[in-house]
Structure formats: structure tokens, C-alpha cells
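Enquirer: For reference, the structure I am asking about is given below.
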Amino acid sequence: METVVTEFSWGIALILLPLAGGMICFLWPRRTQILGLVTVFAVALSVGGLAWQMLDKGVYRHAVGGWGAPLGIDLYADGLSLLMLATTALVGFAISVYSAAYFKQEDAIRFWPLWLFLLAALNALFLSGDIFNVYVTFELMGLAAVSLVALAGGRDALGGAMRYLLAALLGSLAYLLGVALLYHGFGTVDIALLSERVEPSPVVWAALGLMGAGLLLKTAVFPLHFWLPPAHASAPAPVSALLSALVVKASFYILLRLWLEVFEPLISSEGVYTLLGLIGAMAVLWGSIQALRQTRLKLLIAYSTVAQIGYLFLAFPLAVAVGSTAWSAVAYLAISHALAKAAMFLAAGNLVRFGGHDRIADLDRVVQRLPLTAAAFALAGVSIMGLPPSGGFIGKWLMLEVALTQGRWDLVVVMLLGGLLAAAYVFKVLGYAFTQAEVAHEPKTVPASMEWAALLLALAAVLMGFLAVPVLSLVDIGDPFGLSEVRP
Amino acid sequence: MEALTLLEWGFDGLLGLGLLWLAWRALTCPELFKAIVLFIAFGLLMALAWVRLDAPDVALAEAAIGAGLTGALLLAAFAKLSLVTGHEELKPARSEKNRIRFQHYWMPATTLLLVTAGLFYVILSLPPYAAGLSVEVASNLDTSGVSNPVTAVLLNFRGYDTLLEMVVLLLALLGVWSLGDTTIHREAAPGLVLDTLARVLVPLLILVAAYLLWVGAHAPGGAFQAGAVLGAAGVLLLLSSWRPHADLIAWPLRLMLVLGPAIFVIMAVLLYLTKGQLLEFPPAQAGILILILEAVATVSIGITLAALFLGGRPRRGKGQA
Amino acid sequence: MSAPFFYALVGIGLFSLGLYGLIVHAHLLRKILALNIMGSGIFLVLVALAKRTGEAPPDAVPHAMVITGVVVAVSATALALTLMLKLTAETGRAELPEKGRE
Amino acid sequence: MSWNSWLPLLLILSSLIPGLIIFALAEERVRLRITLNLLGALVNVGLVGLMLWGVYNGVHYEMRLPLLPGIELVLRAGSLSLFFVTLSAVLWLITTVYAIGYLEDSPNRSRFFGFFSLCVTATVGVALSGNLITFLLFYELLTLATYPLIVHRGTEAARRAGRTYLAYTIFGGALLLLGTVWLYSLTGTLEFTSQGFLDALGGEHRLSLTIIFVLLIAGFGVKAALVPFHGWLPQAMVAPAPVTALLHAVAVVKAGAFGIVRVVYDVFGVEFSADLGVLEPLAWLAAITIIYGSMRALFQDNLKRRLAFSTISQVSYIALGVAIAGPIATIGGVVHLVHQGLMKITLFFCAGNLAETLGIHKVSEMNGVGRRMPWTMAAFTVGAFGMIGAPPIAGFVTKWYLGIGAMDAGQDWVILVLAGSSLLNAAYFLPILHRAWFREPVGDWPEERNFGRKETAWMLLLPPLLTAVMALTVGLLALLPVSPLGWAKLIAEREFYQP
């Protein structure tokens, strides 16, 4: 058994399993729910297998087709991708349990194949070491996500899905032009080889501009975030949880991977870093203020995503200094945000299912009738606000620590202000949950599995507050942030 | 040599400017139908450009899929659009709206011009001679099982991309089907010309597809081009209001659609178990395996593209049992 | 300024034209058209620059990428067109619902 | 991880686990809920007794859990922490009895007692924390656990009070977080060490250390209701009586004061903060709060709001004791943690009884209430006199030590503040007593609920009497080593002023 676990190439399982699962679900619509759950569980196990393997054999590498880097495509996974895979598996499993109870039969037939292909795209993206291959996974992810958003039907969902599709396609095309330039400039599309061959030249600057713009659009950072709130708010609850928690993080992951491997060594001028930091700061403030102004719960949570993504970009100016741990803080923030945001959207889904609407003003005595959902929303809120004991707090603490050691007072103020605004909009929702309702709504029952899925995710976000040491040591496998040259 | 380069220059210049002019007209033409037709013409001109750049495989793919099928999809959508929105076509009154629009959009226009100039500079800064990966492709060509370098790259060296791309095609169909259904009742009988044309062309197209599939191993052609031609045959059939038998559209259709990506996944698993690397073809049997892959993929792509043209999940019509 | 570079510049031109068309037009069918033109522009850049191998046959990898790109483009276009039709059926206008409620 | 290191964690779990179970209990499972509550409280007190005895003869209880690379979650039962834990454990037991009686048939009791146990867990955690980050963790947990209790009634007023409470405490929390992270970035450690760990910095960063001091004191000052940040306390009186009793007289307010004690003694160290020149302004701030609190209390007709303002001024005695850098004043300040707790909880219990039994909320309605509810008013009188500083009761001991400590440290103006505040205390407490005992009741009580021969339910009457008696005995037997004063001396000599 021991050798099987360490010898078997888990990366392949992570990609082929959901693909096969998606096809079988498509072929056999009557059993689609059970098949879907089994596949997602199997994916979660394979991530466990991969983690076990990487713990004792370090970085995971696999040359597809046996051809090796410049010609063929390489699969590559280090600590950072392992963590993203683990988050995807965990959040994906909880959302699958939730969706099993959420969707009626004819919607389930359409949901499961799309979701499994999205899962395959996410896993393929986190494992890929080839920028053209990443383009294909982006397209796969984009089309699946758009179709899932459009599942809800109705004016808002279709408008949101259309806006999302146009933004995703535009982003992918800009990214593809960047790939074309890099290929013709340096003769390869493999990230590792690129990082060796790249030297400052107009091609690299153009590629940085194009791919950066494409990825910023797909990550919905502040000036380019217009498509996110309508899409995430109007989609069915499990889908908005998927989008906010995982899909948005995938393009950020690629931006980070490209930035660390290819572009960072060439950036000498401070300008680029401060620009990204500025974008992040504006995203945090603008997103939080917009979230505070919303009257509908799902729009509030969607704008909260825009704000939390801003936090991730605050790390760019902080990562300049040698040996700075800003990136591990970003990894931690991304993961706890994924867990907490997924829990929040699932809780919102329960509220909509229970009350029939998501107007915040009359979220009446839901806390008595749906105590588990209210608890899930509160615990997720704790992590979003960055209050201890939660993963969000640890991420915020690490970021503040780096900012203070570098004396970046502007970023410190933005982080604290962001935390206060987050507290404002989270408690705005929680405050309503305690009030007495004049008219007793006729409640529809919410299946227990849906409430427990939201609560378990929220508890995971809080538990992340105590797992900092093991998780951060996991991130350092394969030294994704290039700290090794620095460490004494 | 002098005359030849002058002639070449004349041809390239004409083709390049033609492309830009057609694209510009397609984008700014007030009538939507004319815009689509211009786009199809642009696609055909594009195919000419690929031939000029020694990329016959791409020319085939572009002609069949880029110009042909996308054009068909656009025209079908346009027809359904006028059906849905009721009025035939937006009156030319829109043309001065476009003109006003230009004053309104001067700011993005200028930034775009700057970006284009910047990209021009970048392109021109590239070294005049670059072999890219052609050396590696040539050296590994003999162990790839096919002699046509493009098919070798597509199916063997970067086979993983093609696997994902097959899934993208299937996923697009799933997305289209999740958006809605169409009943497959038989519309009005096709006109005489369309009917005879279909009867002659469809078998011919199937023959061409088979040839393209076979020739792909050592000359321009291959699964996607053959699949596109098969798809064109399917579109022609659908246009002449042929519909598959009612009980064919249940699981058999789904099986045929899934077959392409499924064969890839199965092949990948088998190869991994035998050779230890994902999609690693043993050099000896590579040719045959690739041919099997391509054959199944062609059929699956053809059916998927035809189904995409249909635009909705085929459901039993009310009239049909 | 040999042929590959000229066609690459035409490709960049198409990319910008498409992007301009995408921004300017409100009608969704025109936006999808513009996206296709942008795609063709990028493919032209890819294949044109692959021809910089002098007399030897051009580099096959970009050709394979373009074929993959064309198939992906047609899938995306098919989905976009169907989504547009559903949206028009729902809202009566083939344009994005107004962003009033930003 | 010997048995001794598990004890602090057991102490926290003894209130956390019953709380979580109670959350899951259905509303009608009354008896199970009561048994769980009381069982948790008794186990808590038992464990505290065990540890008191252990710490007394030098046993070292400490537990370290990895939290962040380079920082650990530390639970350490030192003499000072046990002092606060004993207070909260004993008063939690008494308040649980009171709350069971008070909330006889009101809705959402499972939710109430769940959050109630969470609050106590947070308070015990605050007391036991061995470094600043653990302190911050439980301090913020306290905010989250008290919010639902304040808005428990669900009325519009409760929600508004909850919102102000959150605005203040979350803002304070942000300041605290900034100060803690900044301190950590300068010193690299956050462990509470008896003489403070800042003199290792060799005197540079003086400006940033002063700003950090201000941030930390402001952060803790929010919950300790120091003047600029006291706004939330009077509004939070809208919560049910047991909440105001335990939380705003003992847990929340004391957590803030305890924080100030920790910062001055165990983070900065008295000498270092004295020569930084930050203790002087802190003393002035505390004095202003004492006077301001008492002044505002004069004009409050609502009984609970008057008691709230009295709390604001009383808690600042602790801050004053700490700010006067002298061993005797420290003993006075620290011992006031317990004394004020006992006296104030008695007053709040009595106020709760009056409201629950006779529907009295305003001082003006208290004419002749002494005749109707003699025992409650007797307890109230003991508490009131304690507050004024009348000799046999605990309050006197604190003021006495504070006075001597001030003289010893050469801060004579403090005597004026103490005298002035005692006068003001008398000015707002004596009229209540006079009205209650020597005035004829005018008409009948607003909402009278008679309990036959007894003046009110025994569960409501016993707690205030018990705490009144404790306040009395603590004052009388102050000199015994086992009394809070004795323990405060032990703290001063063992932790703060190493010979």
C-alpha cells in the first residue's frame, strides 16, 4: 500500500477523475447525483494522496506524453498549487453535498456534468506548468462557469452570465496574445523554461501588460470588477459559492505564478508594484463601501468578494523586500477567504430557500428558525472580518506584520479600514437576524444537509485560525516564493 | 527574383489590406445581415492568408470551422433573432448613431491606437530568424507515429491540449443544452434545389471527411478538419429539415457526443498504466493508436458541431411518440 | 519587413479593430463578431511569426495551437450565441441589461 | 505535557463544552439545561480552587499551542490570572442561579445560556492568557460572544445598543491589533514577563513605543469604559439584568481593566513606562473618568443607567491604581478588581429584582420600596455603602490602599480625587437609600407580581444576599492571607516588584 500511494501519479487522477465523472454523469442522467458525489469524494482522496506523496518526495512533476518541457507539456505542483488543490477539493466537496439537496431533478441533470468539468478545469489549471495549456483550462473553466450561472434562468442570471462570458473571453484573448508574444520571443511556453530564458525586452513588457490586463479582468480587480457582482449574485447559491471561492482565485493563482516565475525578476521600477498596491487598496475600500450600501444579501456578499480580492493585491508592494513573507500571507488569506465566502453564499442560499427572498431589511427571526445557518454566516463573517480565532485573522496578522516591518503605513491603514468596513456589513446582516418580524413568514423547510454543509465550511474557516504552522509549512514545499536563495 | 518579390509584395499587401478592410466593414456595417456576410468573406480571405504562410492544416481548419461553421451559426442566430425580436432589421437610422458613437468613443479609440503602435514596435523588435520548436519537432517526428508535423504536435507532443480541447467542445454543447431545449418536429419540406443539393453534397462531404482523416497522418488534414467537414454535412442535413429518428436522440446521441473525449480519456488511462506517463504513445503502435483516436474524434466532433448548430437539446416533438 | 512581420502587423491590427468593435457596439451579435475577429487576429500573429524559419518549413507548434484555438473559439461563439438568444427572448432586446443597478 | 499543563485548558473547556451542548438543546429541555449550566459552573469553581491551592505553593501551570510561525498560544495560570479567574468563576455560578430565576419563561433561553457560557469562556481565556496575542484572541471572542446577549430581546432599542457596542469594541479591537502587531514587529516576542520585555530594546524606538502604549491602552480602554470610549456602556443597559450584572460589572469591563494591568506591568514594566512618561497621562485620564462618571451618575433617573455610570467611574480606580507607580497603590488597584465586582454585581442584582418584581426602572419610583422588599434593599444598601467607601465593606479597603499608595508615590492630588469621588458616590447613592427606606410608597407599584409570603422568587433573592455578604466579609477579613487583599499582596510581591 505504501509504495502505491507514493508511486502513483496523483496529478493525473486529479484531472482524469472529474473528466470521466462528468462524462458518465452526462451519459447516465438518472444516477447523476450519486455519481457526482462519488467523483468529488474520489478527487478529495486523490488530493490527500498527492499531499502525502509531496510531503516525502517534494515537488510533483509529470512530463505528459513523455516528451519533456519545450516540446511537450509538463504538469508541476509545488506547495502553493497543492494548497489551492486542497481548498478546491474541500470547498468542492461541501458544495457538492449542498447541491445534492439544493437542485431538483431536472436541474441536477444539467448541474453535475458542468460542475465536474469545472472541477477538472480547476485541477488542470493548478497542475499545469504550460501557459498555453492554462489558456485552454481558462476557456474550459469560463464556459463551464457561465453555463452554471445561466442555470438559474431569468433576466438577472442571463444578463450576468452574458456579461461574465464577454469579460472572460476578452480576458482569455488578451492572455492568449501575451502567450503568442512570449512563445515567439523565447521559443517555449513552459513556465520553468521561460523563467530561465526571459530577459528584459519590449516583448516581455508587452506580454506582461497583455497577460496582466487579461488576468486582472478575470480576477475582477477594482477597475475591472463590473461583471462579478451581477454574475455571482444572480447565480444559484452553490454556483455563486463556487465562483467566489474558487474560480476567481484560479486567475489570481496564475497571475501570481507568472509574476513570481517570469516577470518579477525583470521588474526594477517601483511603479508597477505601487500600481498593483493602489489597485488593491481601492478594491478593498470601494468593494467594502459598495457592500455596505447593498440591500440584497447576495449582492452584498458579491461585493465583499471584490473587496477581499483587493487584500490579495496589497501584497505586491510588500513582496518587493528580500525575504518578505507577504506571499505566504496571501496564500493564507486566499484559502480562508475561499472557505468563509463559500460558507456565506451557502448560508445565503439557505436564507433564500427559507424566506423566499434575500432582502436584508426583513431577514426576520431567521436566527431562531435556521440557527445553524445563522451560526454559519456569523462564523464565516468572523473570518471575513479578520477577527480571531479565524483563518482571516492569521492572514491579516501576517500581512500587517510584513507591512509594519517595512513601514508601509498606507497599506496598514487600508487593511484596518477594510476590516472595520467588513465588520460593518457583516453585522448589518447579523443585526437584522435578531429583530422581531412583524409578519411571520410562511417558512419552507431547509434540508439539514444544506445547513450542515454551510456550517462545516464556516467551522473550517475558523479552524484555519489554529492550523497556521502546519499549513504554512505545507506551502513551502518546492519553495514557490523563491525565498530559498534568501534564507541564511 | 526581383519581379517575383514585387509580385509577392503586391499579393501580400493586397491580402493584408483586404483583411483589415473587410474586418472594418464587418464591424461598422449598419445592417447586421450584411455584417455577417462580410465576416464570412473575411474568414475565406483568412484561409488564403494561411495558405500564403505555408499553414495548409490551419487553412483547412479555418475554412471549415472559422468561416464555414461560425458563419452558419451566426446566420442561424441572426434568423432566430429576427424571429424573436419581431422586426426584420434595424433601420439604417443606426448609421449616424454609429457616427455619433465615434465622437463619444474617441478616448478608447486613441488608447487603442497607442496600444497598437506599441505592439507594432514589439513585433518589429523580434529577431528576423527564429526556429521556435521546429528543430525539436523534426527530430522527434519519426517516433511520433505520424509524418505530418502539425498532426504530430496536435495528437502526440501536445496531446493533452487536444484532450482538454475536445472537452471544451463537449462542454460548449452541454452549456447550450443547459440553456434550453428544441423540439425536433419536422419543419416545412425543403425547397427542390436545397433537397437535390443535399442529396448530392452530403455523401461527397462524408467521403472528403474520410479522406482528410486518412491523409492527416502524412499531409495536411486530420481529425478537426475532417470533423468540421462532417459537421458541415450534418448542418446541410439539418437545413434540409432532416431530423434523426426520435429514439435516436436519447442515450445514443449522448453516447456519440461523449465518444470523442471519452476515447481520449480511456486511451490516456491505458497508456499511463502501460507506459507510466500520461498519453505516452509507444513509438511502434503510435500511428495506429493515433488513427483510432482521430477516427473516433472526427465522428464525435462532426456530431457535436451539428448539434451546436441545432442550438438546443433535442426533445421528442409533441407530434412524435 | 518580410512577409511574416507584415502579416503579424495585420494580425495586431485585426486584434485592435476587434477590441474597438467590442467596446463600441451595444448589440450582442456584433460583440460576438468582434470577439471572433480579435481571435483571428491573434491566430494570424501566431502563424505569421512561425514562418520566420527562412527556407525551412515553418514551426508546427503554433499551427497546432491555432487549430486548438479555432475549435475553442467556435465553441465559445456557439455558447455566446445561444445565451444571447435566451437573453433576447427574456428581455426583448439583444443588448446587455442596463447597468443602472451598478 | 504533564497533568499540570492540561489544567488551564480543562478550565476553559469546562465552560465551553456545556455552552456548545446548550446551543444544541431544544428550548423545552429546561431541566437538562439547568443541570448542565450548574454542573459547568461547579466544575469551574472546583478547578479554580485546585489551581489556587497549587499556585499558592508554587506549582507552575502552563500550556503552549503553536499558533503562528514564531508565536504560540499560551495559557498560563499565574497569581494575577487566577485572581481574575476566581472572581469570574464564583460570580458565574451565582449569576447562573440568578439568570435561571430571572428568565423563568422567556423565549430563546438555549441561545442565551449558550452565549452566556461562551462569554465566561472568553473571560477565563482573557485571564489565563500568557502572551498578548492569546489575550487579543480571547478579548475579541468576548466581543463576539457579548453582542448576541445585548441584542437578546430583539427590540429596536436593543439592536441600536448592540450596534453602538459593536462600533466601539470593533474599533477598539482594530487599535489593539495594530498595537500588538507593531509591538511584535519591533520586539519579536509578546510573552508576558514580570518586569516587561521592552528594556531589551535598549532605549531606541521610544516614540513608536509610546504610540503603541497609547494604542493598547485605547484598545483596552474601550472595554474598561475610559472617558472617550465609555459611550456604549450606558446604552448596553437595555440588555436583561443577568447580562448587565455579569458582563458589564464583571466580565467585559474587567477584561478591559485587566488588559491595562497586563500592559503596564507585564508588557512595558512599571519602571520603563514611568520613564517613558506615559503613566502620568494615564493617571489623569483615570481621574477624569472617575469624576466624569460620578457627575453623570448624579443626573440619571433610570436606576440601571445610574449604576452604569457608577461602573464607569469605579473601574477607573483600577486604572488609577495601576498608573500610580507604587507597590501599595498597585495592591489597591488590583484588589479593586474583585471588590468592585462583588459590590457592583449586588447592586445590579437588586436593580434586576426591582424591575422583575415591581416593574421599577426609575429612581423616582423607588419610594418606600424598602418596606415592600426589605432583603433586596438591605443588600442594595450594603453595596451602596461599599461603593461610597464606608469602612467595613470592601470599597473602603481599596480607597484606603489607593490613598496610602498615592501618598507613598508622592502623588498627593490623588487624595483629592478619591475624596471628591467618595462625596459624589454618596451624592448619588444616599438619595436612593433615603427614598427607599424613609419615604412612603406613593400609589401601587407599576407591575407588581406577588410571590405570597416571600418578597420575590428565592432564585432572585439569594444571589444578591450572597454577594452582599461576600462584599462584607471581604472587607472585614481583609487582612487574612486568603482574602482578595492578601492575594493582591502576593501578586504585587511575586509578579510585579521582584526584590
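Enquirer: Taking the 0 to 90 degree range and rounding to the nearest ten, how far is the long axis of helix A:10-27 tilted relative to the main principal axis of chain A, both from C-alpha atoms?
Expert: Helix A:10-27 sits at roughly 50 degrees to that axis.
Enquirer: Let me ask another. Can you tell me how chain C classifies by the Cα gyration tensor, rounded, prolate or oblate, using a/c under 1.5 as the rounded cut?
Expert: prolate
Enquirer: To continue, here is another question. Who wins for biggest fluctuation among B:P127, B:P282, B:P252 in a Gaussian network model of chain B, springs between alpha carbons below 10 Å?
Expert: With Cα springs under 10 Å in chain B, the top fluctuation among B:P127, B:P282, B:P252 is at B:P127.
Enquirer: Per q in 0.06 1/Å, what log10 I(q)/I(0) does a Debye calculation on the alpha-carbon atoms of the protein assembly as shown return?
Expert: -0.62
Enquirer: Rank B:A109, B:A172, B:A262 by mean-square fluctuation in a GNM of chain B with C-alpha springs under 10 angstrom and give only the top-ranked residue.
Expert: Comparing B:A109, B:A172, B:A262 in the GNM, the peak value goes to B:A109.
Enquirer: Now, a different point. Please state the charge dipole magnitude for the stretch B:146-321, taken about the Cα centre, from unit charges on C-beta atoms (+1 on K and R, -1 on D and E), reported in debye and rounded to the nearest 20.
Expert: That gives the stretch B:146-321 a dipole magnitude of about 420 debye.
Enquirer: Please report the spacing between the Cα centers of the stretch B:147-218 and the stretch A:1-53 in Å, no decimals.
Expert: Distance between centres, Cα-based: 30 Å.
Enquirer: Cα axis of helix D:279-298 to longest principal axis of chain D: angle in degrees, 0 to 90, nearest 10?
Expert: Helix D:279-298 sits at roughly 10 degrees to that axis.
Enquirer: When you have a sec, figure out the Kirkwood radius of the stretch B:1-92 from all distinct Cα pair distances and drop it here in Å to one decimal?
Expert: Across the stretch B:1-92, the inverse of the average 1/r is 14.7 Å.
Enquirer: Let me ask another. Any idea how far the Cα center of the stretch A:292-370 sits from the one of the stretch A:217-252, in Å?
Expert: When both Cα centres are located, 11 Å separates them.
Enquirer: How far is helix D:156-187 tilted off the main Cα axis of chain D, in degrees rounded to 10, range 0 to 90?
Expert: Helix D:156-187 and the main axis of chain D meet at about 10 degrees.
Enquirer: List the extent of the Cα atoms of chain B along each of their three principal axes, largest first, rounded to whole Å.
Expert: Projected onto its principal axes, the Cα set of chain B covers 66, 65, 37 Å.
Enquirer: Per-residue Cβ counts within 10 Å, from other chains only, averaged over A:66-76: what number is that?
Expert: 6
Enquirer: Let me ask you something else. Once you have a ≥ b ≥ c as the square roots of the Cα gyration tensor eigenvalues for the stretch A:270-488, tell me rounded if a/c is under 1.5, and otherwise prolate or oblate according to whether a/b is larger than b/c.
Expert: In terms of gyration-tensor shape, prolate.
Enquirer: Starting from the Cα of B:K34, draw a straight line to each of the lysines and keep only those under 26 Å, dropping any in the same chain fewer than 8 residues away.
Expert: Here the lysines satisfying the reach criterion relative to B:K34 are B:K80, B:K91, B:K97, C:K31, C:K86.
Enquirer: Sticking with this structure for a sec: Per-residue counts of other Cβ atoms within 10 Å, averaged by peptide: what ranking do you get for A:350-360, B:239-249, highest first?
Expert: Ranked from most to least packed, the peptides come out as A:350-360, B:239-249.
Enquirer: Taking beta carbons within 10 Å but only from partner chains, what does the mean come to for residues A:165-174?
Expert: 6
Enquirer: Based on DSSP H assignment, which helices of chain B show an axial Cα extent of at least 20 Å together with a mean Kyte-Doolittle hydropathy greater than or equal to -1.0?
Expert: In chain B, the long hydrophobic H runs are B:2-28, B:32-52, B:70-85, B:106-124, B:159-179, B:192-215, B:223-239, B:251-275, B:283-310.
Enquirer: Where a Cα-Cα gap under 19 Å defines reach, which lysines qualify for C:K51, not counting those fewer than 8 residues away within the same chain?
Expert: none
Enquirer: Between the stretch D:322-363 and the stretch A:130-155, what's the alpha-carbon centroid distance in Å?
Expert: 63
Enquirer: Mind scanning D:K399/D:K489; A:K218/A:K396; A:K249/A:K341; A:K249/A:K428; A:K341/A:K396; A:K104/A:K444 and naming the pairs with a C-alpha gap bigger than 22 Å?
Expert: Long pairs (Cα-Cα over 22 Å): A:K218/A:K396; A:K249/A:K428.
Enquirer: Let me check I've understood the local charge: for D:Y317, count other residues with C-beta under 13 angstrom from its C-beta, Lys and Arg +1, Asp and Glu -1. What total comes out?
Expert: Neighbourhood net charge equals +3.
Enquirer: Here's something else I'd like to know. Of D:I404, D:S79, D:V30, which is farthest along the charge dipole of chain D in the positive direction, counting Lys and Arg as +1 and Asp and Glu as -1 at C-beta?
Expert: Positive-end residue among those listed: D:V30.
Enquirer: In debye to the nearest 20, how big a dipole does the protein assembly as shown give about its Cα centre with +1 on each Lys and Arg Cβ and -1 on each Asp and Glu Cβ?
Expert: 4120
Enquirer: Out of all DSSP beta bridges with both ends in the protein assembly as shown, state the antiparallel percent to the nearest 5.
Expert: In the protein assembly as shown, DSSP labels about 85 percent of beta bridges as antiparallel.
Enquirer: Would you kindly work out the equivalent ellipsoid of the stretch D:278-499 from its C-alpha gyration tensor and give its semi-axes, the square roots of five times the eigenvalues, largest first in whole Å?
Expert: 34, 19, 12
Enquirer: Quick one: which of B:78-84, D:11-17 comes out on top by average Cβ neighbours within 10 Å, and what's the full order, highest first?
Expert: Ranking, from highest mean packing down: D:11-17, B:78-84.
Enquirer: Using a 10 Å cut-off on Cβ atoms, rank the peptides A:101-109, A:339-347, D:355-363 from the highest mean neighbour count down.
Expert: Descending packing order for the listed peptides: A:339-347, D:355-363, A:101-109.
Computed from the coordinates by the stated procedures, all read-outs in this text should not be read as laboratory data. If you're wondering where the values come from, they're calculated on a predicted model, not measured in any experiment. Quick reminder, even Gly has a Cβ in these numbers, built from the backbone with ideal geometry, and neighbours come from all protein chains shown.
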